[in-house]
Amino acid sequence: MRYIQEERGAILVVVLLTIVFMMFFATVMMNSVLTTAKQNNVIEENYRATHVAEMGAIFVEDQIQQYVEQNDLSTDSSSLNDLETYLNQQIANVTIDEDQPEVEYFIEEGFTVTSDGDSQMLSLKVNGQDENANQIITLTFALSSGSGADSLESWNEESNTVPNRPENPDETYPRPVDLKKKNCIQNSQTVVLESGGNIKCSPSFNELYVNDDLSFGNNDTLTVEQNAKFESLDMTGLSKVLIKGHAHFEGELTSGNNPNSNFIACGNVRLKGGADYQGGYQVNHYTVADELFYNKQGPVIFGDDTLLKSGLSLDNTSATANGDLTIQHDGTQSASTYLNTIGGNIKMAGGTLTIENANGDQVTQPNSNNVNYDVQPASIPDCEGVEPPTSGGGQGDSNTSVSLDDIDY
């Protein structure tokens, strides 16, 4: 009897141990299942947050492209703040899921801009938000500035309109200025000279808009980092004008009876009144002259395609054309005969020379002793490495292209 009781006790212990082990393994398995379920839920939430952030990235890229098609965009803080405000306004109108208002994407505050060769790299962060998770994606866009127009034809059309007067200039001068060393304007941003004036020092501007006539003294240099609009500009001996962007003349570029001045533009130039100019004329991109382009002493460098609507006259100099050169004139003589009257030589560095007379007759690559078709392109050292800003030819004319360069999760 005692043996049977001991055997029953042993069996009970085995049963109890079995139950304990079963409960232990059941608990472990349950915890594993719950942990796996929780991990799957976290993964799913993170996946949804990533998907929302990617939706935001696509939307932001599309909105930036639309913005630059309608607005001038540069890398200064004011322009970037305007872009950031615009993007936030557009995002505020987006509803991803009406039943889940907590699902959204937004831009983290602040853009950063760095230089990468000739391009500016714009970085911004898009935050995708799910109910309990978020994912931040960093987008890097390459901002590349062109020459203000993608062809001579588009520059001719665009620059036919007077550039918009800056809405909020940093400085405005209603009366004619008389700038001397003691009151010379230096490192100013956007300046409007309502009544022109006289410069007898070496001022520098970011952007310059001039109504009425502007004249120079001797040995002076005017530097404009971006675009400039002039009514007319008269340069005298040893003076220099360097426009790193585009220059628009409603009137004429002149220099009196002095061959020592030097006009340089790294972008495009529109000469509504033509040029009666002595000294260096160097333009890195397109030139359009509506009236006669006359130059004495030179050198003349047309850095890209050029259109002279009322003829060319050279005196004791030659003109080098790195691109196509089209010369229209009001005579009826042949192209070769006309070229004999221009008074100087034309050097074509690979482009096409076209002469068009008053009858509309066009001749390309005419034979003439006054034209050399086998020369090397001329360089403009002051414009090396300079990318012109937006042209400012008309409302919403932006030449900054934007492309998505990198996405970082």
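Suppose every Lys and Arg Cβ carries +1 and every Asp and Glu Cβ carries -1, with no other charges. What dipole size does the chain come out with about its Cα centre, to the nearest 20 debye?
It comes to approximately 1180 debye.
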Counting DSSP beta bridges with both partners in the chain, what percentage is antiparallel, nearest 5? 30
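Would you mind putting 205-212, 95-102 in packing order, based on average other-beta-carbon counts within 10 Å, highest first? All intermediate terms of the calculation are to be shown ahead of the outcome.
Values: 205-212: 20.9, 95-102: 10.0.
Put in order of decreasing packing, that is 205-212, 95-102.
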Please calculate the 1.4 Å probe accessible area of LEU404, with all protein chains present, and give it to the nearest 10 Å². 60
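Cβ under 12 Å from PHE230's Cβ, PHE230 left aside: what net charge do those residues give with Lys, Arg +1 and Asp, Glu -1? Walk me through the intermediate numbers first.
Values: positive: LYS229, ARG270, LYS272; negative: ASP212, ASP213, GLU231, ASP234, GLU250, GLU252.
Neighbourhood net charge equals -3.
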Taking R0 as 30 Å, what FRET efficiency do you get between LYS181 and GLN65 from their Cβ-Cβ distance, rounded to the nearest 0.05? 0.05
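Counting Lys and Arg as +1 and Asp and Glu as -1, what is the net charge of the other residues whose Cβ lies under 15 Å from the Cβ of PRO381? Spell out each step's value before the answer.
Numbers: positive: LYS240, LYS244; negative: ASP382, GLU384.
Neighbourhood net charge equals 0.
List the pairs from LYS229/LYS296; LYS181/LYS272; LYS180/LYS244; LYS182/LYS296 whose alpha-carbon separation is above 30 Å, in the order I gave them. Please report the intermediate quantities before stating the final value.
Details: LYS229/LYS296 24 Å; LYS181/LYS272 32 Å; LYS180/LYS244 23 Å; LYS182/LYS296 34 Å.
As for pairs spanning more than 30 Å Cα to Cα, those are LYS181/LYS272; LYS182/LYS296.
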Heavy atoms of ARG48 accessible to a 1.4 Å probe, total area in Å² rounded to 10: 80
Cβ-defined net charge surrounding ASP304, 13 Å radius [Lys, Arg +1; Asp, Glu -1]: -4
Roughly how many debye, to the nearest 20, is the charge dipole of the range 191-326 about its Cα centre, given +1 on each Lys and Arg Cβ, -1 on each Asp and Glu Cβ, and no other charges? 320
Quick one: with all protein chains in place, what share of the accessible area of the chain is carbon or sulfur, to the nearest percent (1.4 Å probe)? 46
Using a 1.4 angstrom probe on the protein heavy atoms only, could you order GLU44, GLU84 from most to least accessible area? GLU44, GLU84
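How high is the FRET efficiency between ASN198 and GLU44 when r is their beta carbon distance and R₀ equals 60 Å, given to the nearest 0.05?
0.25
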How far apart, in nanometres, would the label points at SER403 and ASN218 be if each is projected 7 angstrom from Cα along the Cα-to-Cβ direction? 5.1
Could you report the range 168-288's accessible area per residue, 1.4 Å probe, as an integer in Å²? 35
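Given the DSSP H assignment, sum -39500 (n - 2.57) over each helix run of at least 4 residues in the chain and divide by its residue total; what's the result at 222 nm in deg cm²/dmol, nearest 500?
Numbers: 4 runs with 97 residues, N = 409.
One gets -8500 deg cm²/dmol as the mean residue ellipticity at 222 nm.
The values are calculated or read from the model by the stated rules, or taken from the named source; none is laboratory data. None of the values given here were measured: they were computed from a predicted structure. Positions of Cβ are backbone-derived with ideal geometry, glycine not excepted, and every protein chain shown enters the neighbour counts. Heavy atoms of the whole protein, side chains included, go into the accessibility calculation; ligands, DNA and RNA do not. Shrake-Rupley method; radii C 1.70, N 1.55, O 1.52, S 1.80 Å.
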